[in-house]
Amino acid sequence: MSAAGESTDRSGQQEQGLTHAYQRLYEHLRAAILTGQLKAGAKLPASRKFAIEQGVSRNTVLAALDQLYAEGYIETRPGSGTYVAKAIPDRMQRPRVRTVNGPASGRARSCLSERGRALADVPRMPLPAITGRSPNARAFQIGLPALEEFPRQVWARLYTTRIRGLSSTSLMRYDDPAGFRPLREQIAAHVATSRGIHCTADQVVIVAGSQQGLEFASRLLLDPGETAWLEDPCYLGAKAALTSAGARIAPVPVDRDGLDVNTGNELEPDARLAIVTPSHQFPLGVTMTLERRLALIEWAERSNSWIVEDDYDSEFRYRGHPLAALKAIDPYHRVIYVGTFSKTMFPGLRLGYVIAPKDLTDAFAAAHLSTDVHPQLLDQAVMADFLAEGHYARHVRRMRSLYGQRLRTLITEVERELDVLCTDTPDGGLHLVAWLPDHLSDSVVSERALSAGIHAWPLSLHVLHKSRPPALLLGYAGTPVDEIPDAVGRLAETIAELVHP
């Protein structure tokens, strides 16, 4: 590099350093003023003395003071010096104590609407990758696919190709709120073969993950105060969507045959909506029988109600072929199907889809206009290419085999190391239910396990009304086979300490 270039670089670095130092000093002084460490009317040291005290240049001090003066935090008095402005109210100078990740204060809660308070109280599903105390631990996170097995190079190539094509500006404009047309066409073709659903691309609406689909359905189909059936135990995202819509939730128990439709009819025959996970109930993992499915559809037709089918992980079935969707056997067009790519691809993609009756698709598309207009267009285009070139089908087939292996390994290790647990071997999905001895609290076990670097989610947080024996939800899809024995061993030690304190 030339001497001139080196001089320019040094000059730039010095300027950048000055900017950072001024910014830090400015923010420090502003905070001191607002928290009362520097009282209104207090005199500040002369700039030269202040620079020596702070260990910075006088120019840095002057730049910070100029910014504070411009924003009204300080004032100058000719011949006297610089002072904290008297206009700063006393109430702004009281120290404030904030809790980190704690519950909302009484004042904050009082600012929320009634629905806002109810929504804030809904338990959250874990996002341990970003919020857990063991961020590097993968065992046994719920809903986490095998991210290391995703064909990233293929995805990157498709993404690069689309980016290079941005010169046409077609993917830089606003698009149809229903979603990118080629992706909707690919989804319609995919669900016809994989889920038995025959629909057109016009019935498909792209959403930002299944949660947005549940939100749209709840807000579009329910007025505040109207009743909705919800499985008990339930998917917490569905509970949050209904709460956000101001619905009155009617818990309907789930047994080994799925949602108990007869009990729902006895409790709330005139409910306006039911949210169900019939192919693989979350969290229990049971499959709704054909008799129950037909009864649910008949109820919806008879009561002029709607069914939202959350089909979150039905691609992964380890015994026989994937089951036909509830929507595939609905002759009355009462079922609204919600699918997602979060479990089959990767959760950070945030792409899902709604397949609605023709009379409702315009309303679902319009719901985007009040939120996000449409999901990120470039991701939609790349997903369409991934489907069209057959990469999606190949990836799902490969993951189905891999997850089956991980499930078998997990069951073997649990049976060997944890004789106090009773597991239900699932036909599909990404997690299994491990039942604890009745005298243990699954919440306590979960908390202790997390301290040991193991994610074992408690079933009790999903229970709405009918009590259940304590159990843990163990996700296996995102845990490599060679990590499972050690993880089960640590979980066994945690439970043993509670069983034999």
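The values are calculated or read from the model by the stated rules, or taken from the named source; none is laboratory data. Quantities reported herein were computed from a predicted structural model and do not represent experimental measurements. Note that we place each Cβ from the backbone using ideal geometry, even for glycine, and neighbour counts take in every protein chain shown. Calculation scope for accessible area: heavy atoms of the full protein, side chains included, ligands and nucleic acids excluded. Shrake-Rupley method; radii C 1.70, N 1.55, O 1.52, S 1.80 Å.
Along region 292-304 the Karplus relation, 6.51 cos²θ - 1.76 cosθ + 1.60 evaluated at θ = phi - 60°, assigns HN-Hα couplings of 5, 4, 5, 5, 5, 5, 5, 4, 5, 5, 5, 9, 6 Hz to successive residues, with x for each Gly and Pro. Once a ≥ b ≥ c are taken as the square roots of the eigenvalues of the Cα gyration tensor of region 322-394, is the result rounded (a/c under 1.5), prolate (a/b larger than b/c) or oblate (a/b not larger than b/c)? In terms of gyration-tensor shape, oblate.
Between K466 and T425, the modelled labels are 2.6 nm apart [label points 7 Å from Cα along Cα→Cβ]. Working from Cα pairs under 8 Å separated by at least six residues, relative contact order for the chain is 17 percent. A simple rule links phi to the HN-Hα coupling: the Karplus curve 6.51 cos²θ - 1.76 cosθ + 1.60 with θ = phi - 60°, which for region 145-152 gives x, 7, 4, 5, 9, 5, x, 5 Hz, with x for Gly and Pro. Annotation for S303 and S401: the two label points, set 7 Å from Cα along the Cα-Cβ direction, are 4.5 nm apart. For region 342-501, calculate the relative contact order in percent as a whole number, restricting contacts to Cα pairs under 8 Å that are 6 or more residues apart. It comes to 20 percent, rounded to a whole number. Rounded to the nearest Hz, the phi-derived 3J(HN,Hα) couplings of region 33-38 under the Karplus curve 6.51 cos²θ - 1.76 cosθ + 1.60 (θ = phi - 60°) are 5, 6, 8, x, 5, 10, where x marks glycine and proline. If the segment from T371 to D176 were pulled out straight at 0.36 nm per residue, it would be longer than the present Cα-Cα gap by 68.8 nm.
Accessible surface for the chain, divided over its residues, is 49 Å² per residue with a 1.4 Å probe. Looking at the square roots a ≥ b ≥ c of the eigenvalues of the Cα gyration tensor of region 170-325, which shape do they give, rounded for a/c under 1.5, prolate if a/b is larger than b/c, or oblate? Since a/c reaches 1.5 but b/c is at least a/b, the shape of region 170-325 is classed as oblate. Using a cutoff of 8 angstrom between alpha carbon atoms and counting only pairs six or more residues apart, the relative contact order for region 310-384 works out to 23 percent. If you take every residue apart from Y476 with its C-beta less than 11 Å away from the C-beta of Y476, what net charge results, scoring Lys and Arg +1 and Asp and Glu -1? It works out to a net charge of +1. Give me the angle, in degrees from 0 to 90, between the Cα long axis of helix 391-417 and the longest principal axis of the Cα atoms of the chain, rounded to the nearest 10. Here the helix axis deviates by roughly 90 degrees. Once every Cα of the chain carries one equal point scatterer and solvent is ignored, give the base-10 log of I(q)/I(0) from the Debye formula at q = 0.07, 0.09, 0.12 Å⁻¹, two decimals. Log10 I(q)/I(0), no solvent term: -0.53, -0.79, -1.09.
Selection among P283, A118, T494 by position relative to the dipole of the chain gives A118 as farthest towards the positive end (Cβ unit charges, Cα centre). Here K86 and H500 are evaluated by their C-beta separation; at R0 = 60 Å the FRET efficiency comes out at 0.35.
The trypsin sites (Lys or Arg not before Pro) of region 237-308 that DSSP puts in a loop, and whose beta carbon has at most 15 other beta carbons within 10 Å, are R256. Among the trypsin sites (Lys or Arg not before Pro) in region 142-183, those placed in a DSSP loop whose Cβ has at most 13 other Cβ atoms within 10 Å are R173. With respect to the chain, whose longest principal axis is taken over its alpha-carbon atoms, helix 181-194 is tilted by about 40°.
What a 1.4 Å probe finds exposed on the chain is 51% carbon and sulfur by accessible area, rounded to a whole percent.
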